[in-house]
Every structure is written in structure tokens, then in C-alpha cells.
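Trainee: Here it is: the structure, laid out below.
The values are calculated or read from the model by the stated rules, or taken from the named source; none is laboratory data. Note that the structure is predicted; figures quoted are calculated from it, not measured. We place every Cβ from the backbone using ideal geometry, glycine too, and count neighbours over all the protein chains shown.
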């Protein structure tokens, strides 16, 4: 036996006995500590952990409500919801390197380098385990199919579906219908977080923006049990979302398409209104843009190309563009003067092609004026002043009427304010008076300002929507309805018609007669045809009342003749034409603007005729 | 003063009279709580693996194999273990080195050895049995308490395999192997003063150990232990989820197969190292306490057997194997309940895993053998 000492079994056994039970005691103490800890966790703090466990397990997921659809007056879809697939990767479920998975995917479908970069950026962000990261948004149908078929070879790769807005009319309807766009960080600050918890898009322009509240619907919620991967194991409770309201517009998509193509490549706007209801039948602004791009999302340079274009495709000229109305304003001046007793239908003046205020040197010219002083319409009464569009007559009339009376009267036609019920971001235009000029320019109103205003120039600015409204006011003989986009199902909620006070029924009829002459009075010689007759009136089969306007963009110096062709394109005159038909029982009123288009009768009137023909001829044919 | 010699002889005599069959060496008092633990273990395992019958069958087969091995181990005379101890130790060390050279890696740790003709196993688990045997063999015929140099050698015998295992890296098993050797030394009668001084002397090595031997992930686990919320989705995840599972079980638990934390996979390693959280979640405080009491019963019986053993080797081996088993359980529960950093130790006889269960059953076979052969010198 090694060692210096002999083994002493008895002592050893005794020592061991003490040691063993001491260590046993120590172990039991450790066990007691554990029991205390478990008591703390499971009994004392039970509720804390119970809550935490429920929080783990139960997820309240917002459920997006389907966005309301938008239809035209005949039920044609103008804005629909389409299912869009996107490709996502769950990193935790992939085999091996994520780069291998991506290259395997790009062997099957095309993946852009920028998409891979964006993916890696998202991958680096902190996220919960098993959260899917999108790699490619908006898969084509066959791409989604390829991925689904090869799903078993691509662990962690999945295809998910969301509903995205689609506008079948594309750029044709863009300015009327508007568009939605992805909710941005800025949007989130002003949107109701709860209501929009499941929403990805918000109305940005047009109907989509104005009716955002009703289109959006009510978000639903479901309580689901999820596993750690975030996968829903079962649904515990569902409060279904309420689908957004569908909207039916007064818009006539056929007329809209026709109006869009009638403008051609010219910059301009067309608004057509049903005078009976105030419903907007067509609203076109060119150039336009594809609203689907906003749904898809644009790269910043793509967006910049749109927003920085000199042609302003994003600008809705129909409701935001403000222009001098030119001669289209003359019927209002005439009615104002007649109803105020400033003139009568019989009174005549001599138009020699120019006008001077008493005691002033400045010459105000007629459009027919020539440096040789050969222009002028001769003897004109109000009726002739309308169909010949005599400037001199209205210079004189406005001067006698004075600005205040004219301004108050014109306001009844919806000028100087936004009278539309539901047009998004419609501009007010400017209906000037003394107070306005003092406030805006810090200057007194001069009589010369009234002279200019008499022919729809000067400070007066209107939008195409406002001029279409003016046309519909004439069509309705003063008892007009506010313009509106959406058909209200209940007629009683329709706005009660506004009314123009002053002119008698006879005054209206005489003025409308005069406006019919603009189109229909022909074969009377160069000096006595309606201004638009030679362009649109010769073969017309229905009665149309109209008024042309040619609005100056730049001031013309005294005594100068200028050559339209020499001016920069953007300095040429704007061409206007307002019209309604059939003139005794109008069903459509229209305003056509061609920016820098030149003469209203020669450029804008044929467009108006094309649209009225398209709208009326089938009706006339079917009534026969 | 009591006559301790009489204490064990009288017990042995009494026991021998009770024994009816000399070929039956299993100890019913030890076997009963062990079977209870395994029963609870299989039940909860079935729940933790989402009632996958194949895994349950697999584990049951391993436990049966372990039971057979235990029966055989109990039948062998303790002298066999004493003589075989150095050989087993050598085989163990060689296989640990083999793990290093060509072991199988799983979850970032090289623990398994795939040898031809043998099932895949973890040499580190076998070392949990071999180290107490070897240290006891080394000390058994020396006068006790051992001299300092002997203590040093004894501790080295444990430290070499423990160090190898920690480098795998498997800190939990390494600690348990070291504890196995340490417990033998403590039981051998080393003076309390020496224990105290030794611990004091080791203290300066803690920082050295921290900087030289711990991996980044091990350090991170220690940091997140003190503040799990600092990395709730990373290293703190398992401890947050396991305390949540335990705490949400409450007094009576959510019911078997009803634990959401495990059923919905929030709890990681729910069938291996964190199976205690499943017990706590589904069977509640009551279930956890029951299991702890069963472990205490096993330890009490084991210590009783150790105290009654007729020779030094038997005493040391039975005491060490029993205490290590209990420390193993305590360590696992302490990890799961967030009292100590995550170390990766299975819950003995409950966690899924064959090598560990078989090794533990064999070790209790040895304890039973020590008990049933104590009269036969």
C-alpha cells in the first residue's frame, strides 16, 4: 500500500459520512434556491409572463378594406383593384448563403441589380425572426408561376399577393380620376394610424384624393395565433373590414377618350358638363401622365422627368390652370349691362376698330384693327357685338357698367370661386374688383382696368372648369347646378340650383340667340358671319350656342402689329371656345382651351364641335 | 461519538437479509424515482416535439437500451470498475481527441463521434462517468485525506478532459466533468481550509480564463444573461422565451400539449436543453416541484448508498456520480429559469439525447452495483 500513512477505514468512513451529508445539504440548499426562483416566476410574477406569452402568441393584425371601385356613368371601370404578386425571401428558411438563393432565383426570372441592392439594404435592418424580405415587387404572371412551380427547390422563397390599384384608362383619365400612391413617411404623420394600419396606398390626386375617406373603407382586425415564424396558426377572432364605397361618376368614359384624342398633341384642357345635373361628363388635361406609375412607384429620376417637364404633365390644367377668358367673357358682360339697364338690345354704337377713354391717349384695339385703321365692325348692337365679338362695343359697355357691378354679376356664374362640389384642388381663379386690386397690387382700380376686363383680359383669370360652368349656366338659362364628379344616388341630396339674378327670361333667350349666331350665322359676307361659322357652322345638323375667345398671353405695345408666328410658342394666345347644345334644350355644355393655340374659333371651336357631335349625333339619331 | 463503522455494517446486514435473489442488483429505492423522472421526461418530450411519435420511439428505445446497460452495470462487481477505470479513462481521452480531429459538428459545436460499427455518440457524456471512476481509483488506496500533490493530480485528471470538452465548445458538459472530479476530491476528506484556500487561489485565474479560453459567443451569453433585453432577438432570445414559458405556466400549468411557447416554437431547444421550460409551462409550478423532488429523492438514495458503501472506491464513486447527477439537474434548471448564463447542459434523463441518458443510467447501474455488492469483499 503506497503512502506514508496507513489507511484508517473507520476515520475515513466517518469523514466521508460528514462530507457526503454536508454536500447533500449544500445541494438541497441549491435546490431550495431554485424552488424559490421558480415560485417567483410561476406564482408571484405569473401575470407578467402570462401577458408576455400571450403577446408572443396573439397578434392583432389589421385587415385592409378593399378600396372602393370607381365607375363611369355607364358602369365602366375607371379604377379597379388588381392582385399583384411579389417575391419575398425568409432568410431563416433558406439553405446556406442568401446570395446562392438569390442567384438561383435570378436563374429563373429576371432580377435587377438594383433590386438585389435594395434587398440587401432591407436584410441588414433589424427585424423579427422569420420576417419576409421582398426581393422583387410586381411579378409578372408567368414569373409568379415559375417561382411557385419551383418552390420546393427554393426554400425560404415565397410569393405574396397584395391588392394594387389599376387605372384602365391610363393617362386619358389621369387628371379626372387622379391616382393613389404608396403611403410615405410624411403621409403617416397626418393619416390616422389605426385606420391606415393595413393600407399601403392613399389617394393622391383627383377623385382618389377627394373621396379618400369613403373609398378607403373601414379597417378590419383579426386576432390570430402565430408561431415564432410569424405564420398564422389559426384565426381566433375576426372583425371584418368594411369595403370602401364604390363611386359612380358622371364621367362618360367614351366622351373622355374622345376629348382626350380631340386635343391631340396640343397642350390644353376640356371640361364637359351636363347642365341638367351639373355632372362633369369629361375632364381632360393634356399633356397627361400614366397614373399607374404612381401605384407602381417611380424612381426619383423618372419622377423628376415628369415633374420638371416644361409641359407640366402633372398639372391639371382643367381645374388648376388659370387663364384670361378673353371674349368668352363677353356674354356675361352683355347680360350684366342689360340687366342693370346700362344698355338695351336695341342700342347701337359705331365700332371703328379702336376705343379711347375720355381724356386719355391710350388706344384699345379691336381684334380686327389694322395699322391702316381699316378695321372695326361698323354699327353694332349687343347681339352683333356677340357674334362678331366686337371688342370696342364691350370696351364701351364695361366702362359704362363699372367694375363693381360687373364683378358682382359675374360672380353669380361661378367665377372667382370654386363652385365645384367635389373637384380636388380646383383653383378659384381671379374675379377682380377694386378691393381685390388694392389688396393684391396695392394700387387703385383704373378705368382702363375695366376696359380690359370688358373683353375678358386684364386681371380676370378663370379655369377651364369655371368656363365650362359658365357655359352650363347659359345652357340652364341662369338656373344652374354646381359642377360635380360623383353621381349621388339620392337626388334629394343634390345641391339646389344656384340662380343668376338680374336678366329676364327674354334676356337669356336673346343672349343665347346671339351665341347661336356665333356658330350658325353664315353666308352673310366676311363682315357679318358668326366668328365660328366658317370653322364649324356650315354643316352642323343641330343648334349650338357658343362663344370663342382668344386670350392674350403677353401685352402688346401701343400701335404695334405683331406676327403670331414670330412669337415664342409659349407666348402665343390661348384659344378658347365655350358651347352648349342643343341650344333650346341643352344636354351638354363645354369649355375647350388650347394653350398658346391661337384663334379660339379656328383652333378650339372645331375641337368643341367634334366632342358635341360625338355626344349628340347618336342621341339625335336614336330619337328619330 | 457514534460508531460509524457499525452504521454501515448494520445497514448492510439488514439489506442483505432482505435481498431474495443474488442476481438481482437493481435498487428499487433508486429505480423508482429514476423511472418516474423518465416517465415525466418521455411525456413532456412527446409534447415538446409536437407529438412526433418517431422521436418518442427513438428516445424510448435509447432509454430501454440504457436500462439494459444499467442492469448489466449493476450486475458487474465494483472491483471491475476500479480495475477498468484507467483503461476507460484512456479510451475516453483518446475519443475526445478524436472528436477534435474528425468529430461531427452540429450547431457550431464539435461533439459527436461517428465510428464504424458503433452508433454516433458524444465522448464528453461518457467522460461524466469515467472521470469520477478514475479520480476515485486514483485516490482509493491512498491514506485520506489526500496530500496536496495528490489533490493536484486528481484535479488534473478531471481538468484535462473537462478542458477538451470546453474547447468543443461545450461549457456545460465541461463544468459537469470538472464537478465530477471535484466532488470526489471533496468527498475524499480534504480539509475545508484547503478547499477555501484553493478557491481563493483560483480566483485570479477567472479573468485569465475569461480572456484565454472563452469564445466570443460564450462571453456574449454571459453579457446577455445580465441584460437579456439588450439583444432580445439574438442571444437574449432563449432566456427571455424560457422564463416566459415557465412564468406563464403558473401554478398548475397550461396543460399537457397546451404550452403555446413550445407549441408555436417560441422556445428554442424545447426538446433538449430547454425542456424544463416546457414542463414549467404545461405542468406548472407543481410539475416543476415534483420533478425537483424526484431528483432530490434520487440524490438522497444515492448518498445513502455512498455512505453505506464498504470501501473508499465505492463511497467516492457513488457519492460523486450521485452529486454530479444532481448538479447537472440543478445547473440545467438554473439556466432555464435565468439564474445562470446559458451553458448548454441537458436535463438529466428528460432531455432528448441518447448518449447522455445511457451514460446516466450506466452511472446509476454502478451506484446500484456498489450497493448490492457491498458485503462481498
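Trainee: Answer yes if at least one residue in the stretch B:76-86 is within 14 Å of another protein chain (Cβ to nearest Cβ) and either out of contact with any strand residue (DSSP E or B) (no Cβ under 6 Å at 6 or more places or on another chain) or at negative phi (or both), and no otherwise. Full working, then the answer.
Mentor: First, pick out the residues of the stretch B:76-86 that are within 14 Å of another protein chain (Cβ to nearest Cβ): none.
Checked against the condition, which is being within 14 Å of another protein chain (Cβ to nearest Cβ) and either out of contact with any strand residue (DSSP E or B) (no Cβ under 6 Å at 6 or more places or on another chain) or at negative phi (or both), the stretch B:76-86 yields no hits at all.
Trainee: Could we say that residue A:92 is more than 10 Å from chain B (Cβ to nearest Cβ), touching a strand residue (DSSP E or B) at 6+ places or on another chain (Cβ under 6 Å) and not in a loop (DSSP other than H, G, I, E, B) here? Talk me through it step by step, then tell me what you get.
Mentor: Numbers: more than 10 Å from chain B (Cβ to nearest Cβ): yes; touching a strand residue (DSSP E or B) at 6+ places or on another chain (Cβ under 6 Å): no; not in a loop (DSSP other than H, G, I, E, B): yes.
So residue A:92 fails the test.
Trainee: Return the residues of the stretch A:122-136 that are buried (at least 16 other Cβ atoms within 10 Å of the Cβ), modelled with pLDDT of 70 or more and more than 17 Å from residue A:107 (Cα to Cα); say none if nothing qualifies.
Mentor: Result: A:132, A:133.
Trainee: Give the number of residues within the stretch A:224-242 that are closer than 25 Å to residue A:68 by Cα and part of a strand (DSSP E or B).
Mentor: Going through the stretch A:224-242 one residue at a time, the tally reaches 4.
Trainee: Across the stretch A:301-340, which residue is farthest from the chain's Cα centre (by Cα) among those that are within 19 Å of residue A:180 (Cβ to Cβ) and free of Cβ contacts under 8 Å to residues at least 24 places away in the same chain?
Mentor: The extreme case among them is A:302.
Trainee: Just to be sure I understand, how many residues within the stretch B:135-174 are closer than 20 Å to residue B:340 by Cα and within 14 Å of another protein chain (Cβ to nearest Cβ)?
Mentor: Number satisfying all stated conditions: 0.
Trainee: Could you tell me whether residue A:77 is buried (at least 19 other Cβ atoms within 10 Å of the Cβ), in the same structural domain as residue A:201 (by TED's automatic domain parsing) and under 30 Å from residue A:174 (Cα atoms)?
Mentor: no
Trainee: Could you run through the stretch A:520-531 and say how many residues are buried (at least 24 other Cβ atoms within 10 Å of the Cβ) and either out of contact with any strand residue (DSSP E or B) (no Cβ under 7 Å at 6 or more places or on another chain) or at pLDDT 95 or above (or both)?
Mentor: Final tally of qualifying residues: 1.
Trainee: Tally the residues that are closer than 25 Å to residue B:303 by Cβ and crowded, with 23+ Cβ neighbours inside 10 Å, restricting the search to the stretch B:158-178.
Mentor: Of the residues in the stretch B:158-178, 7 are closer than 25 Å to residue B:303 by Cβ and crowded, with 23+ Cβ neighbours inside 10 Å.
Yes or no, residue by residue, for (1) away from chain B (no Cβ under 14 Å); (2) within 24 Å of residue A:54 (Cβ to Cβ); (3) surrounded by fewer than 22 Cβ atoms within 10 Å (Cβ to Cβ):
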{"residue": "A:231", "(1), (2), (3)": "no, yes, yes"}
{"residue": "A:238", "(1), (2), (3)": "yes, yes, yes"}
{"residue": "A:245", "(1), (2), (3)": "yes, no, yes"}
{"residue": "A:268", "(1), (2), (3)": "yes, no, no"}
{"residue": "A:279", "(1), (2), (3)": "yes, no, no"}
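Trainee: Can you find even one residue in the stretch B:328-342 that is more than 14 Å from chain A (Cβ to nearest Cβ) and either at pLDDT 95 or above or at positive phi (or both)?
Mentor: No, the conditions are met nowhere in the stretch B:328-342.
Trainee: Next question. For the stretch B:182-266, which fully contained helices (runs of 4 or more DSSP H) count at least 1 residues that are within 12 Å of chain A (Cβ to nearest Cβ)?
Mentor: B:192-202, B:237-249, B:260-263
Trainee: Which number in (1) part of a loop (DSSP other than H, G, I, E, B); (2) surrounded by fewer than 24 Cβ atoms within 10 Å (Cβ to Cβ) marks the one condition that residue A:448 misses?
Mentor: The single condition residue A:448 does not satisfy is (1).
Trainee: Now for a separate question. Mind listing whichever residues of the stretch B:94-127 are in a helix (DSSP H, G or I) and surrounded by fewer than 18 Cβ atoms within 10 Å (Cβ to Cβ)?
Mentor: Those that are in a helix (DSSP H, G or I) and surrounded by fewer than 18 Cβ atoms within 10 Å (Cβ to Cβ): B:94, B:97, B:98, B:100, B:101, B:102.
Trainee: Go through the residues of the stretch A:88-98 one by one and say whether even a single one is at pLDDT 85 or above, under 23 Å from residue A:162 (Cα atoms) and out of contact with any helix residue (DSSP H, G or I) (no Cβ under 9 Å at 6 or more places or on another chain).
Mentor: Yes: one or more hits.
Trainee: Given the conditions (1) in contact with a strand residue (DSSP E or B) (Cβ under 7 Å, 6 or more places away or on another chain); (2) assigned to a helix (DSSP H, G or I); (3) within 14 Å of chain B (Cβ to nearest Cβ), which single one is not true for residue A:34?
Mentor: That leaves (1) as the condition not met.
Trainee: Still on this structure, please answer the following. Of everything in the stretch A:216-242, what is closer than 29 Å to residue B:270 by Cα and out of contact with any helix residue (DSSP H, G or I) (no Cβ under 9 Å at 6 or more places or on another chain)? Give them in sequence order.
Mentor: Within the stretch A:216-242, A:222, A:223, A:224, A:230, A:231, A:232, A:234, A:235, A:236, A:237 meet the criteria.
Trainee: Right, another one. Closer than 26 Å to residue A:200 by Cα, touching a strand residue (DSSP E or B) at 6+ places or on another chain (Cβ under 9 Å) and surrounded by 13 or more Cβ atoms within 10 Å (Cβ to Cβ): does that describe residue A:98?
Mentor: Spelling it out, it is not the case that residue A:98 is closer than 26 Å to residue A:200 by Cα, touching a strand residue (DSSP E or B) at 6+ places or on another chain (Cβ under 9 Å) and surrounded by 13 or more Cβ atoms within 10 Å (Cβ to Cβ).
Trainee: Which of the residues that make up the stretch B:320-351 are assigned to a loop (DSSP other than H, G, I, E, B), under 11 Å from the mean Cα position of the chain (by Cα) and under 17 Å from residue B:30 (Cα atoms)?
Mentor: If the condition is that a residue be assigned to a loop (DSSP other than H, G, I, E, B), under 11 Å from the mean Cα position of the chain (by Cα) and under 17 Å from residue B:30 (Cα atoms), then B:348, B:349 are the ones that fit.
Here is a yes/no grid of residues against (1) surrounded by fewer than 19 Cβ atoms within 10 Å (Cβ to Cβ); (2) in contact with a helix residue (DSSP H, G or I) (Cβ under 7 Å, 6 or more places away or on another chain):
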position: A:33; (1), (2): yes, no
position: A:39; (1), (2): yes, yes
position: A:60; (1), (2): yes, no
position: A:66; (1), (2): yes, no
position: A:72; (1), (2): no, yes
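Trainee: For residue A:483, which of the numbered conditions (1) over 23 Å from residue A:367 (Cβ atoms); (2) at pLDDT 95 or above; (3) in contact with a strand residue (DSSP E or B) (Cβ under 8 Å, 6 or more places away or on another chain) fails to hold?
Mentor: With (1) over 23 Å from residue A:367 (Cβ atoms); (2) at pLDDT 95 or above; (3) in contact with a strand residue (DSSP E or B) (Cβ under 8 Å, 6 or more places away or on another chain) applied to residue A:483, the lone miss is (2).
Trainee: Under 7 Å by Cβ, and 6 or more places apart or on different chains, what pairs join a residue from the stretch A:211-229 that is more than 14 Å from every other protein chain (Cβ to nearest Cβ) with one that is in a helix (DSSP H, G or I) and buried (at least 17 other Cβ atoms within 10 Å of the Cβ)?
Mentor: Matching pairs, first to second residue: A:215/A:208.
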